[in-house]
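Scroll down for the structure; my scribbles are underneath it.
The values are calculated or read from the model by the stated rules, or taken from the named source; none is laboratory data. Keep in mind that what you see is a predicted model, and the values were worked out from it rather than measured. Neighbour counts run over all protein chains shown; Cβ positions are idealised from the backbone, glycine included. Heads up: the accessible areas ignore ligands, DNA and RNA and are worked out on the full protein's heavy atoms, side chains in. Shrake-Rupley method; radii C 1.70, N 1.55, O 1.52, S 1.80 Å.
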Amino acid sequence: MLKEGADAAKEHLVALHETAVTHLKKVDPVVLVIGTIAGTFVYLNTYRLYTRSEQPLHKRLAAWGFQQFRKLPAVRRRIEQELEKPKMEILESIHKDDTDRHFYAAIPEDALSSEQVLDLASKYDDYGKFDVAHGKVSGAVYTDRTDDHLDLLAKVYRKYAYSNPLHPDVFPGVRKMEAEVIRMVISLYHGPEDSSGSMTTGGTESIVLACFAYRNRAYALGNDDPVILCPITAHAAFDKAANLCGMRIQHVPVDENQRVDVKAMERLISRHTCMLVGSAPNFPSGTVDPIPEIAKLGVKYGIPVHVDACLGGFLVPFMKEAGFPLPVFDFGNPGVTSISCDTHKYGCTPKGSSIVMYRSHELHHYQYFSIPEWAGGIYATPTICGSRAGANAAVAWATLLSFGRQNYITRCRKIVESAKRLADGIRLIPGLELHGSPDVSVVAFKSTVFNVYAVADRMTKKGYSLNALQNPDSVHICTTFNHADSGKIDAILGDLRAVCQEVNSLPDKGNGSATAALYGLAAGIPDKTLVDEMTAAYMDACYAAPPKH
């Protein structure tokens, strides 16, 4: 029976083939060639159009329709009128602390004295009203800024203010400093003998460079459509890297604890996947992804694995010695091929330094950029920047040496203890629940009882600066050394408990708050370019002269 069915199918296929050949013989060969080329062109462009976005087709069509609707003159004028007021409110909010509204829009004709410049700098510094030292700010400033350390940094900066690692022959000292910082950080992550790395200006550049390296590696291996595969909780810098490097990005769902679903990640792997990503921890909820399992996928499929440790880079290497062991997240996993780590967060260096490191020089070389035939001479740079601030390398170097390993372990223990104390306290506040797993220093919370954005707004009125999250609506507090005191954590919990009671007592449960309205509007608009327009207004306001009173 089976043989008869196979024979019948074969006869049917032969008949179809003969029929097709008979009809095609009647067609001009030139038409066949043109039709084949045209068909291939249409297919490839349709495929690229379909795969360039992760959004479902119906959402893309809705967004396209909304964009076309916005182009109608009457609609465009109405939207511009409606946006005028919120744009002005954004401008005013950015400049609310600028009390005198004087703005230097041109170099003064006559030089200001050193005393005048210092007085003006002090005045600008006084604009800031948030009490960082007493734990009122989430993240942002990760150390306690002691006078002794600031004095050391000022002296080192003075020596290297005009140095540039682009010229190692002119500034051999700063070249050595940069190399030592890179090697010290690589040692924290158990880099093998052949490991290598670069100092960058921050976490975003470190991530972009890793993606750039893996894009170049993919091209070298014949993959002309490289895809980044990362959790939905991975830093937005990966999306920026995909945009800058002409790559595609696919986001993998996470579980109830905000850890990436490794099985879902494996299902999404394709011949175009050029890198897998895990966070240690992620920014939104502070959860550490299952790096060992991701690393195994990398080994199984021969795909590089990048661990983003930008946020917790100077906590996670010390957590075991501090009494809070984590699963292996570094080069101890054979599949981990690169790591990004910010020195300017919990490493306590001044802003402007991060490290991207690779398991081998071979991988690192994909990051390098070289133009051998430039008229200005052979041009080569290891990072995005050409000239680099040698002073940034110098003060990072001075910080690592003056702090020492034991100090970092002590700070890690205090910060993580504070985060766990905060998380335990939040669990006891009626209406709040933790969002994700507070594995390191970030504690996120949400609510199904009242609007958590309203809580954040009211905490702002109490002098706090917290981080609003979305998908789902939530808020996080990133604990730093400025929170490393039980009294400060208890004060935060007391204010948070009181604010939650206030919001819960409101008739609308806080749904009318400013942040709630903003995120609600953003979620409901099919065309996200309208949201882009508002974020552009925010960034424009940061560069703008203050509006006159």
- Task: Could you work out how far apart the two model spin labels at Ile232 and Asp424 are, taking each label as a point 7 Å from the Cα in the direction of the beta carbon, and quote it in nm?
- Result: 3.2 nm
- Query: With the dipole of the range 128-183 worked out from charges on the C-beta (+1 for Lys and Arg, -1 for Asp and Glu) around the Cα centre, which of Phe171, Val181, Thr146 lies farthest toward the positive end?
  - Reply: Phe171
- Message: At 1.4 Å probe size, what's the solvent-accessible area of Lys263? Round to the nearest 10 Å².
- Response: 150 Å²
- Label-to-label distance, nm, for residues given as Lys240 and Asp98 (7 Å Cα→Cβ offset): 2.3 nm
- Rounded to the nearest 10 degrees, the helix 57-70 long axis (Cα) sits at an angle to the longest Cα principal axis of the chain of 70 degrees
- Could you pull out which residues in the range 82-98 have an amide N less than 16 Å from a spot 7 Å beyond the Cα of Met534, following the Cα-Cβ vector? 82-94
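What's the ranking of 393-399, 146-152 by average number of surrounding C-beta atoms within 10 Å, highest first? Mind dumping the intermediate values first?
Working: 393-399: 25.7, 146-152: 11.1.
Result, highest mean first: 393-399, 146-152.
How do the peptides 170-178, 228-236, 79-87, 500-508 rank, highest first, by the average count of neighbouring beta carbon atoms within 10 Å per residue?
Values: 170-178: 18.6, 228-236: 23.0, 79-87: 12.1, 500-508: 15.0.
Result, highest mean Cβ count within 10 Å first: 228-236, 170-178, 500-508, 79-87.
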- Within the accessible area of the range 142-292, what % is carbon and sulfur when the probe is 1.4 Å and the other protein chains stay in place? 52 percent
- Query: How far apart, in nm, are the 7 Å Cα→Cβ label points at Thr381 and Ala38?
  - Reply: 4.7 nm
- Query: Residues with beta-carbon under 13 Å from that of Asp119, excluding Asp119: net charge, scoring Lys, Arg +1 and Asp, Glu -1?
  - Reply: -3
- Item | Expected-Rg normalisation [2.2 N^0.38 Å, Cα atoms] applied to the range 409-549 | 1.17
- In degrees, nearest 10, the alpha-carbon axis of helix 29-51 is tilted away from the dominant principal axis of the alpha carbons of the chain by 30 degrees
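Given Cβ point charges of +1 (Lys, Arg) and -1 (Asp, Glu) and nothing else, what value in debye, to the nearest 20, does the dipole of the chain about its Cα centre take?
Values: 58 positive and 61 negative charges, 148 e Å.
That gives the chain a dipole magnitude of about 720 debye.
Can you tell me how the range 432-484 classifies by the Cα gyration tensor, rounded, prolate or oblate, using a/c under 1.5 as the rounded cut? It would help to have the intermediate numbers written out before the result.
On the way: a/c = 2.26, a/b = 1.15, b/c = 1.97.
Here the range 432-484 falls in the oblate category.
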- Note on the structure: Carbon plus sulfur, as percent of the 1.4 Å-probe accessible area of the range 431-495, comes to 40 percent
- Measure nothing but the geometry: give the 0 to 90° angle between the long axis through the Cα atoms of 514-524 and the longest principal axis through the Cα atoms of the chain, rounded to 10°. 10 degrees
- Note on the structure: For 310-318, 350-358, ranked highest to lowest by mean beta-carbon neighbours within 10 Å, the order is 310-318, 350-358
- Note on the structure: Treating only Lys and Arg (+1) and Asp and Glu (-1) as charged, each at its beta carbon, one finds that the range 367-518 has a dipole about its Cα centre, in Debye to the nearest 20, of 400 debye
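Mind checking the dipole of the range 139-264: about its Cα centre, +1 per Lys or Arg Cβ, -1 per Asp or Glu Cβ, Debye to the nearest 20?
For the range 139-264, the charge dipole is close to 280 debye.
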- Task: Could you give log10 I(q)/I(0) at q = 0.10 Å⁻¹ for the range 205-340, computed by the Debye formula over C-alpha point scatterers of equal weight, without solvent?
- Result: -0.28
- Reported to two decimal places, what Rg/Rh ratio describes the range 296-432 when computed on Cα atoms with Rh from the Kirkwood expression? 1.08
- Note on the structure: The relative contact order of the chain, taking Cα pairs under 8 Å that sit 6 or more residues apart, comes to a percentage of 18 percent
- Accessible solvent surface per residue of the range 113-169, calculated while the other protein chains remain in place, 1.4 angstrom probe, Å²: 72 Å²
- Taking 0.36 nm per intervening residue step and subtracting the Cα-Cα distance, what contour gain separates Ala74 from Ala121 on full extension? 12.2 nm
- Item | 14 Å reach of a label modelled at Asn257, 7 Å along Cα-to-Cβ, counting backbone N of the range 312-342 | 325-328
- Note on the structure: Quick calc, Arg271 & His17: beta-carbon distance into FRET formula, R0 30 Å, rounding 0.05, result 0.50
- Compactness of the chain - radius of gyration and Dmax, Cα, Å: 27.7, 101
- Using only helices, what value at 222 nm comes out for the chain when you add -39,500 (n - 2.57) per DSSP H run of length 4 or more and divide by the total residues, to the nearest 500 deg cm²/dmol? -16000 deg cm²/dmol
